[in-house]
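**Q** The following block contains the structure, expressed as structure tokens.
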Amino acid sequence: MNCEAKNTIPTVDLSPFFNGDENERQLATATIAEACQTYGFFRIINHGIPPKLLSQALDLSKQFFALPDVDKQKVKPMEGSKGLLPAGYARQPEHSKDKNEYFLVFVPDFGLNVYPDQPTELKRVIEDCYTRLEEVASLIQEIINNFMGLPPNFLKEYNQSRNMEFMTAIRYFPATETENNGLSAHEDSNCLTLIFQDDVGGLEVLKDADWIPIEPIEGSIIVNLGDIIQVLSNNKFKSATHRVIRKATHRHSFSFFFNLDGDKWIEPLPQFTTDIGESPKYRGFHYEEYIQLRAHNKTHPPSRPEDIIHVTHYSI
Ligand SMILES: O=C(O)CCC(=O)C(=O)O
Ligand SMILES: [Fe+2]
């Protein structure tokens with residue numbers, strides 16, 4: 001654990017979950033629980049994904065985004081194919097304050113993904129990362145299940161479909177003299193997100209009204225909790241607000257969104273309400289409904305920031 005510097009998120013060594021003893025696992029679990037209460041963010045090392053694979057993915061995405069726009073725009077699904085968000089390349093619309101472009105992939109086996117001809121290694125490396133990130137996310141979910149004091153495999157069974165995941169490779173444009181918004185302040189709607197980034201920096205998490213930079217450290221992965229865990233735990237564990245500030249050069253990152261099936265009902269669990277004499281802080285809702293409201297925010301941005309839908313829409 002690394003908590004010496006106060007204004008930084010904790011780093012957790014995951015090796016005890018692969019080859020350590022029970023005592024080490026408990027210590028690491030306690031550090032993650034504390035981080036999820038305090039920041040909603042933590043960094044993992046020795047997570048089982050070779051750092052070389054992560055840097056290779058970042059290098060290949062850099063090569064892809066450096067292609068001429070006309071080549072990038074060819075990487076999109078065929079007309080008529082369906083999906084929540086299209087797989088492949090997209091750039092944020094001109095009206096968006098978020099100045100970035102991205103490449104989106106779904107579950108590799110679905111056959112929905114589209115890849116460019118160049119760089120040739122992109123598909124293999126991205127799909128290898130995807131599979132391994134899904135394994136790491138499942139492990140983190142199990143750790144969360146344990147410190148939430150839920151019955152064994154509760155979250156695994158609640159969230160048993162692995163069909164709704166997606167991963168994005170993002171490139172942020174350099175800041176200009178007058179503005180530097182890369183990705184506006186937001187909370188993730190899902191269960192948890194894994195992020196890895198190049199050495200440029202710019203990701204920040206909000207804690208007690210301060211924006212804390214999440215420094216790039218090669219080979220490490222950032223984990224952040226999403227709204228689902230915040231609601232299930234009745235606000236005990238945080239879905240933290242975060243954003244990306246653009247720097248002088250292009251920045252590259254990957255985000256893997258560990259998601260939930262749309263038809264799931266979400267409400268604070270009894271372990272965090274009736275069992276401990278606390279009243280629920282949210283009314284129950286279908287995940288699908290919340291996702292649709294958030295998608296509407298993006299396509300029809302409200303003119304007043306206070307009208308943007310957050311999970312607090314369901315607050316009691
Ligand atoms: O690019 C990053 O570092 C973070 C991206 C992010 O927060 C998101 O895509 O939700
Ligand atoms: Fe995010």
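The values are calculated or read from the model by the stated rules, or taken from the named source; none is laboratory data. This structure is a prediction, so every number in the text was calculated from the model and none was measured. In this analysis, Cβ positions are derived from the backbone assuming ideal geometry, glycine residues included, and neighbour counts consider all displayed protein chains. For the accessible areas, the whole protein counts, side chains as well, though only heavy atoms, and no ligand, DNA or RNA atoms are used. Shrake-Rupley method; radii C 1.70, N 1.55, O 1.52, S 1.80 Å.
**Q** Starting from the amide H of Asp261, placed 1.01 Å from N in the peptide plane, find each other amide H under 5 Å away whose residue is 5 or more places distant or on another chain.
**A** Ser161
**Q** Ordered by residue, what ³J(HN,Hα) values in Hz, to whole numbers, does segment 155-169 give under the Karplus form 6.51 cos²θ - 1.76 cosθ + 1.60, where θ = phi - 60° and Gly and Pro are x?
**A** Rounded to whole hertz, the list is 5, 4, 6, 4, 10, 7, 7, 9, 8, 9, 5, 8, 9, 10, 9.
**Q** Modelled label-to-label distance, Asn19 and Glu289, 7 Å Cα→beta-carbon offset: nm?
**A** 5.0
**Q** What number comes out for the charge environment of Val205, summing +1 per Lys or Arg and -1 per Asp or Glu over other residues with Cβ under 13 Å away?
**A** -2
**Q** Give the angle, between 0 and 90 degrees and rounded to the nearest 10, that separates the Cα long axis of helix 287-299 from the longest principal axis of the Cα atoms of the chain.
**A** The angle comes out at about 40 degrees.
**Q** Helix 122-147 versus the longest principal axis of the chain: what is the Cα-based angle in degrees, 0 to 90, to the nearest 10?
**A** So the helix axis and the longest Cα principal axis differ by about 10 degrees.
**Q** HN-Hα J couplings of segment 69-77 from phi, Karplus 6.51/-1.76/1.60, θ = phi - 60°, integer Hz, Gly and Pro as x?
**A** 3J(HN,Hα) across segment 69-77, in whole Hz: 3, 5, 6, 5, 5, 6, 8, 9, x.
**Q** Report for the chain the percent antiparallel among DSSP-assigned beta bridges with both residues inside it, nearest 5.
**A** 95
**Q** Angle check, please: helix 22-38 long axis (alpha carbons) against the longest principal axis of the chain (alpha carbons), in degrees 0 to 90, nearest 10.
**A** That helix lies at roughly 70 degrees to the long axis.
**Q** At 7 Å along Cα-to-Cβ for each site, give me the label-to-label distance between Arg91 and Ala66 in nm.
**A** 1.9
**Q** In addition: Where in segment 161-213 are there GluC sites (Glu not before Pro) that are in a DSSP coil and have at most 13 other Cβ atoms within 10 angstrom of their Cβ?
**A** The qualifying sites are Glu177, Glu179.
**Q** Treat each spin label as a single point 7 Å out from the Cα along the C-beta direction, and report the His186 to Asp261 distance in nm.
**A** Distance between label points: 2.5 nm.
**Q** A further question follows. Between beta-carbons, use under 13 Å as the cut-off and find the net charge around Gly262, counting Lys and Arg +1, Asp and Glu -1.
**A** The answer is -3.
**Q** With charges set only on the Cβ (+1 for Lys and Arg, -1 for Asp and Glu), what does the dipole of the chain come to about its Cα centre, in debye to the nearest 20?
**A** Details: 31 positive and 44 negative charges, 125 e Å.
It works out to roughly 600 debye.
**Q** Can you tell me which of His250, His296, His47 moves the most in a GNM of the chain? Springs connect C-alpha atoms under 10 Å apart.
**A** Evaluated over the chain, the most mobile residue of the options is His296.
**Q** Moving on to the next point. Excluding Arg251 itself, what net charge comes from residues whose Cβ is under 11 Å from its Cβ, given Lys and Arg +1 and Asp and Glu -1?
**A** Taking every other residue near Arg251 into account, the sum is +3.
**Q** Taking only DSSP H segments of four or more residues, each worth -39500 (n - 2.57), what value at 222 nm results for the chain once the sum is divided by all its residues, to the nearest 500 deg cm²/dmol?
**A** Result for the chain, helices only: -9000 deg cm²/dmol.
**Q** Quick one: which residues, 5 or more positions from Asn234 or on another chain, have an amide H under 5 Å from its amide H? H modelled 1.01 Å from N in the peptide plane, none for Pro or chain starts.
**A** For Asn234, the qualifying residues are Leu269.
**Q** Can you give the accessible area per residue of the chain, in Å², using a 1.4 Å probe?
**A** It amounts to 50 Å² per residue over the chain.
**Q** State the answer as a single residue: which of Thr11, Pro77, Ile140 lies farthest towards the positive end of the charge dipole of the chain, with beta carbon charges of +1 for Lys and Arg and -1 for Asp and Glu, about the Cα centre.
**A** The residue sitting farthest along the positive end of the dipole is Pro77.
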